[in-house]
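Here is the structure we will look at.
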Amino acid sequence: MAVLRRGLFVALHHALRQDSSIVCHSALPAALLGARRSKKTWPVSISQEEMRKRLTPMQYHVTQERGTESAFTGEFTHHKDEGTYTCVVCAAPLFSSDAKFDSGSGWPSFFDLMKEQSIALSDDFSCGIHRVETTCSQCGAHLGHLFDDGPRPTGKRYCINSASLAFQPKDVASSSSTAEGGAASGSASNEKTEL
């Protein structure tokens, strides 16, 4: 298997060198690009049909097809409100606004998670380079990538697509947590996906 993967990587590398204007061709299957996402049964399961109904085309592309929105175009890139950033698919809490910072990358960036187990990490060799992919640990939605160039105290930068996030303002997040015993409010998430 490793020989086959190496052969595909070399073939992809040569194909990309032929046309230097290509950075990463999104039509190529993730397996061909060397993504190492394992087949995993996620705790929250939502049908593809239901996701297509609830999510915008961009949200679906990013979370289910491992897409990326263009830099500086996302709704939360310059967002400054206090509250909680949640998974747009399953409403799992991911990041606090207290951990958000301006990395200058063009995507929302966070230096820490709300809970260490809220995100799953996997190797991603797409685009011919090694990156660490971040996915929601509850539903498997693609969020973005993790880099080791963030600020103190963690030194981490979770570079996340706005399209994979929903936001609960601080007053709404605290009242829904109290009212539902800590569970995220479904109505706030549904409002977000109705962009």
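Points to keep in mind about this one:
- Residues whose placed amide H lies under 5 Å from that of residue 83, excluding near-sequence neighbours: 97, 98, 170
- Taking each of 80/156; 100/170; 53/80 in turn, the alpha-carbon distance tops 25 angstrom for 53/80.
- Restriction of the trypsin sites (Lys or Arg not before Pro) in the stretch 71-174 to DSSP coil positions whose beta-carbon has at most 12 other beta-carbons within 10 angstrom yields 80, 115.
Every read-out reported here was derived from the displayed coordinates using simple, explicitly stated rules and does not represent laboratory data. These numbers come from a predicted model, not from an experiment. Heads up, the Cβs are rebuilt from the backbone with ideal geometry, glycines too, and the neighbour counts pull from every protein chain shown.
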